[in-house]
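Working notes for the structure below.
The values are calculated or read from the model by the stated rules, or taken from the named source; none is laboratory data. None of the values given here were measured: they were computed from a predicted structure. Quick reminder, even Gly has a Cβ in these numbers, built from the backbone with ideal geometry, and neighbours come from all protein chains shown. Accessible surface areas use protein heavy atoms only, side chains included; no ligands, DNA or RNA. Shrake-Rupley method; radii C 1.70, N 1.55, O 1.52, S 1.80 Å.
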Amino acid sequence: MKVFARSIGMCLLGCALGGRAAVAQGWQHIDNLQRVEKLKDGVELTAGRAKVRVTVFREGVFRVRLAPDGDFPKDSSWAMIEASAPTTIKIEENQKEIRVISGNVTAMVERAPLLINFSDAAGTVYLADEPSLPMAWNGQRVHVWKKMPADENYYGLGDKAGPMNRRNRSFTNWNTDEFGWQESTDPLYKTIPFFMGLRKGMAYGVFFDNTYRSVFDFGKESPDLLSFGAEGGELNYYFIAGPEPKTIIEEYTAMTGRPPLPPLWTLGYQQSRYSYYPESRAREIVKTLRQKKIPADAIYFDIDYQQGNAPFTVNREYFPTFEKMISDFRAQGMHTILITDLHIKKDPNHGYAPYDSGMKNDVFVKNSDGSVYVGMVWPGESVFPDFTLTRARDWWGGLYKDFVGMGAAGFWNDMNEPALFKRADKTMPLDTVHRLDDGTSLDHRAIHNVFGMQNVRATYEGLRKLQPDERPFVLTRAAYSGAQRYAASWTGDNSSTWNHLKMSTPMLLSMGISGFPLIGDDIGGFAGSPPADLLTRWFEVGALNPIYRDHTAKDTRDQEPWVHGPEHEAIRRKYIELRYQLMPYLYTGIEEAARTGLPLMRPVFLEYPQASDFYGDNRDFLFARDFFVAPVTTEMVDAEEISLPPGDWYDFWTSAKVLTKEKITLHPRLEEMPLFVRAGAIVPMQPVVQYTDEQPKGPLELRVYLPNSTSSGDCRGTLYQDDGHTFAYQKGEILRVNYSCQVSSGAVTVTSTIEKNAYQPWWKSAEVTIYGVPSAPKELHIGDQVIHGWRYNGQSHVVTLTVPDAVKNWSVQLAF
C-alpha cells in the first residue's frame, strides 16, 4: 500500500501542498489494481483490501464508489430520486488499463496505480485523477485528487460568496447560520456538493453525494490540482459528461429532483420584514401597497406574531383578529406567509400541543444517552423534531392544520441548519442521535447537512396532505442537494451594502446551476439600512430574480418601496410593474425549470458556452433565454461598459437594434437598468395588474424581435399557462403555445402553433408588436385574409396589429 505523506497545514481533509513531493501523514492511497470483476453495469476493482466500483448510472453518467475495507455500505441517498437506468456498455481490457464505454463517454481505469479518467469518444479528457495522488482515506476521512487544467473554470456549490468561478479557492460544506456574511465567509447555509467544470465550451459535472462536512479545493493548495473529500461517509461521486452545460444541469436535476411548479402568486412581489407587528401595522402595509398601486402578492410574518416565539402559536395581544386579518388580506389578493422555525419550545404542562404531542409520540432528537436533546433558540429551551424519521415528519406536517385552516398560503422554515444559540459551533452537538426508519441511527455528523432539507420535506409533504389540490409554497434557508424538490430558498442574512448587491447575482446564478432555480435574496439587504439609491438599484435587478422579496432586520429603518420619497417610489414601482408585465414570460420560464431543471436566471455561458469572455462575468445574466440583464451594482457616476452575448440584440427600453460586437458604453440614469432582448425572441407579456389573481384588462401582448434573415431559423418563443395554483396541470390541463417567425427579403411571417389547449386563458386576442421592420409593409395578412387597422412606426421600425382570435393556430404575414 502506497502512503503519501504531507503536512496538513490549513487543509481540513487533505490536500497536496505543492502537489507531488509533499511529506505527509496518515493518508492511505489506493494500491495497484489486482483483480477486475465485470458487473452488469460496470466493473468492481480490487486493490489490496480496498475495492472500487466504476459503474454506468445511465448513458453519459458514471458513478465511482470506494470501500477502503472492501465492504460497500448499504446503498442509500437523501439526494437521489432516480435509479440507474439500464444501458448498453462495453468493457475492454489490456495490460495497462480497463475501459468502460457508455455511448460517447469512456471511463478509463489505469492499473498501476489505480486511477480513473473520463474522456469523450475522440479521446479528449474531461476529468482525470492525479497520478501521484490516487484516491485515499485516513480513518473515516475520504478524499480524491484530480488534475486541474490551466484554462478550466469551476462553478456550482450553491450559495457560496464571492466570484461565481470557484477557481483558486477552497470551500467547506457545513450548513451554518452566518449573520452578516461577507465575500470571504465560508461555510454558509447550504451544502450542495455539485460543481461544473468548463473549458473551451466543453463542460462536465461532478456530484459528490456525501452528507458529512466536506471540502472542495479548486487549486488553492496546489495550482494544478482540484480535490474533494469528506470527514466521514463514503467516497461516492457521479461524473456527468456534457459537453453542453445545459445537459449537465438537466442530468443532475433528473437525478436529484426538480422543483415542483410553484403557485403563480409566489412569483409576484413579496413584502417582508423582521417583523410586521402589531396587526394594525401589517394592515397598514397592505393598505399602503394597494393605495399606492404597487403590485404585490405576499406579506410575511416573522417570529413576533408568535406567543413567546413558540412555533405554531399566535400572540393574541399583537394579533387579536389574526384569522380575519389573513382573510381580509386574501380578499385583497394578498397571500400570508408565516415563519415556522423547526425548534419546538420546551414547555411541559402548559397546554402547548406541539411539545406535548411530540413528547408523547417520541419524535424529538436525543442525546447519546437516550435523553431528549435540549438547546437554546428563540423561545428559550427548545427541542428538535427528528426529521430523519417518517413518523416525525408526518407529525410535523400535521402541525400546520390550524394555520392552513386560517388561510395561510405559505410557510417559511428558517433556522434549519439547524441553528442554536449559546454554542460556539452554532448547532447541536455532533454526538446527538438521529433515528432512521429501519431502526438504525446516525449521529449529527452525518445528518447535520440534511436536517434542514428533511425539515422542509416534512413541511411540504404535510401541506400536500392537508390541501391535496393546492400547490404548497415553502421557503428554506438551509439545504442539501435535492431540497429543491420541496422548497424555494434565499441567500440568508445579507447586508445593506453595495458590495452585497454586487455579490447577489453570482450567488443566485450559482444556486440556479446547482439545481436550485427558485431562489432570491433579501432585496435591500437584511443587516443595516440601505441608502436610497442602493435600495432602488436592488429593486431594479430584483425584478428579474426568480424570488422577489424585500426583507430587512429588526431595528433597521423602513424598507418598503415608498420610503425615500416619490422619485424613488416611482422607479421601484416601474420595475415591480415590469415584473408583472413579464409574468407570462416569467411563468413560462419557471415551468421550464420545473420540467427540465434549467434555471430562469442563467449565467451567459449556459446559453453560449463558447463565449469565454463571460466565464468570469459576475454582474450580467440571462433572464431565461431571451433577456440579457446588466444591472448597475455600484455607486457609479461614470459610464457603464457592457459586452453583449453573441448575436444581435435589442435595447428593451428604446427598441433600438444593437449590432455592435464590441463593448458598448452606457450612462444609465438611476431609473435605467441596462436590459436587452435577443434578436429572434418572441416574448409574451400582459398589462399591469396589482396581483397575479387579478385578470389583466386587455389582450395578451406578444413582442416579436425580428432577427436578420440569416439567423431567422432561431426566431421563436413559448407561452405556458395553467390555473396557477392546483395540480390540474399534471393531468394535462394546460395551454402551451409555440411561436416562430421567418424573415426574407420580401416578407415577414409570424406563426402561432398550439401544442396543448386544455386550459382556457384570461385572454382571447393578442396584440402583436413586431420590432425591427425595416420599412412599411405593403399589406398584412392574418391567414389568407388581408387586414387593416395595423400601424407602422417608421421612426422605431415597429408594426403593431391585433389578432382577434389568438387562442388557436394563426399566421401573420407582412408583405413588402
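Roughly how much of Met325 is accessible, in Å² to the nearest 10, using a 1.4 Å probe?
0 Å²
Find, among the GluC sites (Glu not before Pro) in region 585-687, those assigned to loop by DSSP (not H, G, I, E, B) with at most 12 other beta-carbon atoms within 10 angstrom. Walk me through the numbers before you get to the answer.
Details: sites: Glu591, Glu592, Glu607, Glu635, Glu640, Glu641, Glu662, Glu671, Glu672; in loops: Glu635, Glu662, Glu671, Glu672.
In loop regions of region 585-687 (DSSP not H, G, I, E or B), the sparsely surrounded GluC sites (Glu not before Pro) are Glu635, Glu662.
So which chymotrypsin sites (Phe, Trp or Tyr not before Pro) in region 629-684 are both in a DSSP loop and have at most 14 other Cβ atoms within 10 Å of their Cβ?
Working: sites: Trp649, Tyr650, Phe652, Trp653, Phe676; in loops: Phe652, Trp653.
Those satisfying the criteria are Trp653.
Could you tell me the center-to-center distance, by alpha carbons, between region 668-701 and region 54-81 in angstrom?
46 Å
Which of rounded, prolate, oblate describes the chain, given a ≥ b ≥ c as roots of the alpha-carbon gyration tensor eigenvalues and a/c under 1.5 marking rounded, otherwise prolate only if a/b is larger than b/c? List each step's numbers first, then the result.
Details: a/c = 1.82, a/b = 1.20, b/c = 1.52.
Oblate, because a/c is 1.5 or more while a/b does not exceed b/c.
Give the relative contact order (percent, whole number) for the chain; include only Cα pairs under 8 Å separated by 6+ residues. Kindly include the intermediate steps, with their values, before the conclusion.
Values: 2021 pairs, mean separation 77.6, N = 816.
For the chain, the relative contact order is 10 percent.
Once label points are set 7 Å from the Cα along Cα→Cβ at both Lys38 and Glu244, what is their separation, rounded to one decimal in nm?
The two pseudo-label positions are separated by 3.4 nm.
Using DSSP to define loop residues, name the trypsin sites (Lys or Arg not before Pro) in region 341-439 whose beta-carbon has at most 11 other beta-carbon atoms within 10 Å. The partial results should precede the final answer.
Values: sites: Lys345, Lys346, Lys360, Lys366, Arg391, Arg393, Lys401, Lys422, Arg423, Lys426, Arg435; in loops: Lys346, Lys422, Arg423, Lys426.
Those satisfying the criteria are Lys422.
Using only the Cα atoms of region 368-507, build the gyration tensor, take square roots of its eigenvalues as a ≥ b ≥ c, and label the shape rounded, prolate or oblate: rounded if a/c is under 1.5, else prolate if a/b is larger than b/c, else oblate.
Numbers: a/c = 1.70, a/b = 1.08, b/c = 1.58.
Oblate, because a/c is 1.5 or more while a/b does not exceed b/c.
Give me the dipole magnitude in Debye, nearest 20, for region 560-614 about the Cα centre, with unit charges on the beta carbon: positive for Lys and Arg, negative for Asp and Glu.
Numbers: 6 positive and 8 negative charges, 17 e Å.
Value, rounded to 20: 80 debye.
What does DSSP give for region 672-793 in terms of the percent of beta bridges that are antiparallel, rounded to the nearest 5? Mind showing how you got there, number by number?
Details: 22 of 29 bridges.
Of the beta bridges lying entirely in region 672-793, close to 75 percent run antiparallel.
Counting only heavy atoms of the protein chains, get the accessible area per residue of the chain (1.4 Å probe) and round it to a whole Å² value. Could the numbers behind the result be given before it?
On the way: 29080 Å² over 816 residues.
About 36 Å² of surface per residue is accessible.
Taking a point 7 angstrom from the Cα of Glu694 along the C-beta vector, which residues in region 563-597 have backbone N less than 12 Å away?
Once the point is set 7 Å along Cα→Cβ of Glu694, 577, 580-581 turn out to lie under 12 Å by backbone N, inside region 563-597.
Can you say what percent of the DSSP beta bridges in region 418-545, counting only those with both residues inside, are antiparallel? Round to 5. Please report the intermediate quantities before stating the final value.
On the way: 3 of 8 bridges.
If I count the DSSP bridges inside region 418-545, around 40 percent turn out antiparallel.
Could I have the simple spin-label model distance between Met406 and Thr440, label points 7 Å from Cα toward Cβ, reported in nm to one decimal?
4.1 nm
Run the numbers for Gln610 and Glu92: contour at 0.36 nm per residue of separation, minus the present Cα-Cα distance, in nm.
Working: separation 518, 0.36 × 518 = 186.48 nm, distance 3.33 nm.
My answer for the length gained is 183.1 nm.
Checking the a/c ratio against 1.5 first, then a/b against b/c, what shape does the Cα gyration tensor give for region 549-615? Spell out each step's value before the answer.
Values: a/c = 2.25, a/b = 1.93, b/c = 1.16.
Prolate, because a/c is 1.5 or more and a/b exceeds b/c.
Relative to the compact globular guide of 2.2 N^0.38 Å, what is the alpha carbon radius of gyration of region 402-444, as a ratio?
Numbers: Rg = 15.7 Å, N = 43, 2.2 N^0.38 = 9.2 Å.
This ratio for region 402-444 stands at 1.71.
Please work out the Cα center distance from region 530-597 to region 230-269, rounded to the nearest Å.
One Cα centre to the other: 26 Å.
Tell me, what does the Kirkwood hydrodynamic radius of region 69-177 come to in angstroms if you use every pair of distinct C-alpha atoms?
Numbers: mean 1/r = 0.0579 Å⁻¹.
Kirkwood radius, region 69-177: 17.3 Å.
Based on the Cβ-Cβ distance of Arg669 and Ser357, what FRET efficiency does E = 1/(1 + (r/R0)^6) give at R0 = 41 Å, to the nearest 0.05?
Numbers: r = 58 Å, r/R0 = 1.41.
About 0.10, to the nearest 0.05.
Taking 0.36 nm per residue of sequence separation and subtracting the Cα-Cα distance, how much length would be gained by fully extending the chain between Thr654 and Ala728, in nm to one decimal?
22.7 nm
Counting only C-alpha contacts under 8 Å and six or more residues apart, can you give the relative contact order of region 274-331 as a whole percent? Write down the numbers at each step before the final one.
Values: 49 pairs, mean separation 22.3, N = 58.
Relative contact order comes out at 38 percent.
How many angstrom lie between the Cα centre of region 451-499 and the Cα centre of region 159-176?
Taking the Cα centre of region 159-176 as reference, the centre of region 451-499 is 21 Å away.
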